[in-house]
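Step one of this worksheet: look at the structure below.
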Amino acid sequence: MKQVLIYTICMGALLSSCNVYKRYSRPDTDVQGLYRDPVSAGDTLVSDTSNMGNLPWEKVFTDPHLQTLIRQGLEQNSDLQTALLKVKEAEAGLMSSRLAYLPSLGLSPQGTVSSFDKAAASQTYTLPAVASWEVDLFGKLTNAKRGAKAALLQSEAYRQAVQTQVISSIANSYYTLLMLDRQLAITEETAVLWRETVETMKAMKEAGMVNEAAVVQSEANSYMIAASIPDIKKSIREAENALCLLLKQAPQRVERGRLEDQSLPSLLNAGVPVQLLANRPDVKAAEMALAGTFYNTNQARSAFYPQISISGTLGWTNNSGMGIVNPGKMIATAVGSLTQPLFNRGALTARLRVAKAQQEEALIAFEQAILNAGSEVSNALVQYQTAKDKIVQREKQIISLEKSVEYTQELLTSSTATYLEVLTAEQSLLNAQLTGVSDEFQRVQAVVNLYRALGGGRN
């Protein structure tokens, strides 16, 4: 009867503990319409044919100087090196959890010398090998191993996320330098033209065609454009220093090409939204964090069930318990134990509640990571479309302003236009040219941002 009762209790515990062996499965997540159409206000993108994020970074960034910088960053960046070390830490944790299935072995030799009432001393010894093994009947070790596996996958996804960020940051910094270089060249060319305008104004004053105010005003404008050049050079130095920091090297000049020579993908496809779950490393990291909390919850549940362990010793001793025998004889023992928590269920319940709350937090973070990813993709798409539209109109504006400068200069020589009209036209042309460079940079930056948002740059 007693055996039947014990058997019934064990079977009940086994049946009630089936849920601690459940594997993690991705929660139902609606990702349809995750990307907004960059043109239509209310429409969403649902089925693009390809995913730009699947392209190798060498296919996206074809500038040889930029490729060299990215390779340096992947080898030397401090954040990426730290992420690689975190992966190694997680690998060690997983190895430790796997080894927990194996018995633990140890040697514990003992020797005793004793004497009673000044009699001759007696010597005893025991040379045992001790082994112990925890039987994973209720999923404690299994959930620990699965949690460690999830932690490893999370660290690997984090490393991929850092790698994606490093590539995109280097690319954005590089293109920022190209934009500043182009703006500096335009400003310096304009400064030369404005100095020529000053000389023209002086000659026209000598001819009585303009007054002294025109000369002074042209000189002031010339000094203004000259004063802006040091600021651009300062920005270039700062951008170079920031890029060198990403490369983990001392500040120095960065070899680079020209903005107008850059070739980037012109057709941008975001892919179907569900691909984002597979490609975005930060989304994968958030999901693996959720999986880890899932197994932590299972492990907290398993603590309510008995812990079964088996231990044994095998060795030699000359202490028989009834006297000393020489030579020593073999000794062998085996012990099985079952530990059932009784008076600490309050602590176990609290631990389970904490684990469940952490799992809910991880679920919220995972869902938010998906929304953030969709928002970043949508922002990059609209940024690209906006820059593309602006470039078309800006080119037309620059052409018109170039004609305006030419016409006003001709009219000035015939005294039909005033010097203020000429200066205004030249200033407007300069502003449009600088803004046009900025528009082109925004288009390039949108490509980089979309590539990052789609999880590009993965191994």
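The values are calculated or read from the model by the stated rules, or taken from the named source; none is laboratory data. Note that the structure is a prediction, hence the values are computed from the model and not measured. Reconstructed Cβ throughout: ideal geometry from the backbone, glycine too, with neighbour counts over all protein chains shown.
Odds and ends about this structure:
- Considering residues of segment 372-402 that are of a type in the set (A, V, I, L, M, F, W, C) and touching a residue at least 40 places away in the same chain (Cβ under 8 Å) only, the residue nearest to LEU193 (Cα to Cα): ILE391
- Residue match in segment 214-222 (condition: in contact with a Phe, Trp or Tyr (Cβ under 9 Å, 6 or more places away or on another chain), among the β-branched types (Val, Ile, Thr) and surrounded by 18 or more Cβ atoms within 10 Å (Cβ to Cβ)): yes
- Test: residue in segment 434-454 that is within 30 Å of ASP28 (Cβ to Cβ), in contact with a helix residue (DSSP H, G or I) (Cβ under 8 Å, 6 or more places away or on another chain), among the basic types (Lys, Arg) and buried (at least 20 other Cβ atoms within 10 Å of the Cβ): yes
- Some residue of segment 268-276 being in contact (Cβ under 8 Å) with a residue 12 or more places away in the chain, outside any helix (DSSP H, G or I), within 22 Å of ARG458 (Cβ to Cβ) and among the polar types (S, T, N, Q): yes
- Any chance TYR175 is closer than 30 Å to GLY457 by Cβ and of a type in the set (Ser, Thr, Tyr): yes
- Residues that are of a type in the set (D, E, K, R) and under 15 Å from GLN262 (Cβ atoms), drawn from segment 54-78: GLU58, LYS59, ASP63
- Of the residues screened, ARG253 is not one that is farther than 30 Å from LEU34 by Cβ, among the basic types (Lys, Arg) and in a helix (DSSP H, G or I).
- Considering segment 49-71, the residues that are over 16 Å from SER173 (Cα atoms) and assigned to a helix (DSSP H, G or I) include one that is modelled with the highest pLDDT, namely GLU58.
- Top-ranked residue of segment 251-267 - restricted to ones that are among the polar types (S, T, N, Q) and in contact (Cβ under 8 Å) with a residue 40 or more places away in the chain, ranked as surrounded by the fewest Cβ atoms within 10 Å (Cβ to Cβ): SER263
- For the criterion of being of a type in the set (Gly, Ala, Ser) and under 27 Å from the mean Cα position of the chain (by Cα), ALA213 fails.
- Scanning segment 263-305 for residues that are small (Gly, Ala, Ser) and at pLDDT 90 or above gives ALA285, ALA286, ALA289, ALA291, GLY292.
Okay, residues lined up against (1) closer than 30 Å to GLY455 by Cα; (2) free of Cβ contacts under 8 Å to residues at least 40 places away in the same chain; (3) touching a Pro at 6+ places or on another chain (Cβ under 9 Å):
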{"site": "ALA157", "(1), (2), (3)": "yes, no, yes"}
{"site": "GLN160", "(1), (2), (3)": "yes, no, yes"}
{"site": "VAL198", "(1), (2), (3)": "no, yes, no"}
{"site": "MET204", "(1), (2), (3)": "no, no, no"}
{"site": "MET224", "(1), (2), (3)": "no, yes, no"}
{"site": "ALA227", "(1), (2), (3)": "no, yes, no"}
{"site": "ILE236", "(1), (2), (3)": "yes, no, no"}
{"site": "GLN249", "(1), (2), (3)": "yes, no, no"}
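- The set of residues in segment 418-442 being under 28 Å from SER169 (Cα atoms), of a type outside the set (Asp, Glu) and free of Cβ contacts under 8 Å to residues at least 60 places away in the same chain consists of ASN431, ALA432, THR435, GLY436, GLN442.
Residues are listed down the side, and each one gets a yes or a no for (1) surrounded by 17 or more Cβ atoms within 10 Å (Cβ to Cβ); (2) of a type outside the set (A, V, I, L, M, F, W, C):
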residue	(1), (2)
ALA373	yes, no
TYR384	yes, yes
ASP389	no, yes
ARG394	yes, yes
ILE399	no, no
SER414	no, yes
LEU423	yes, no
GLN427	yes, yes
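- Answer from ALA171, ALA242 - the residue that is surrounded by 20 or more Cβ atoms within 10 Å (Cβ to Cβ) and in a helix (DSSP H, G or I): ALA171
- Residue match in segment 401-410 (condition: among the aliphatic types (A, V, I, L, M) and crowded, with 16+ Cβ neighbours inside 10 Å): yes
- Only listed residue being touching a Leu at 6+ places or on another chain (Cβ under 8 Å), of a type in the set (Gly, Ala, Ser) and under 26 Å from ALA151 (Cα atoms), chosen from ALA355, ALA347, ALA373: ALA373
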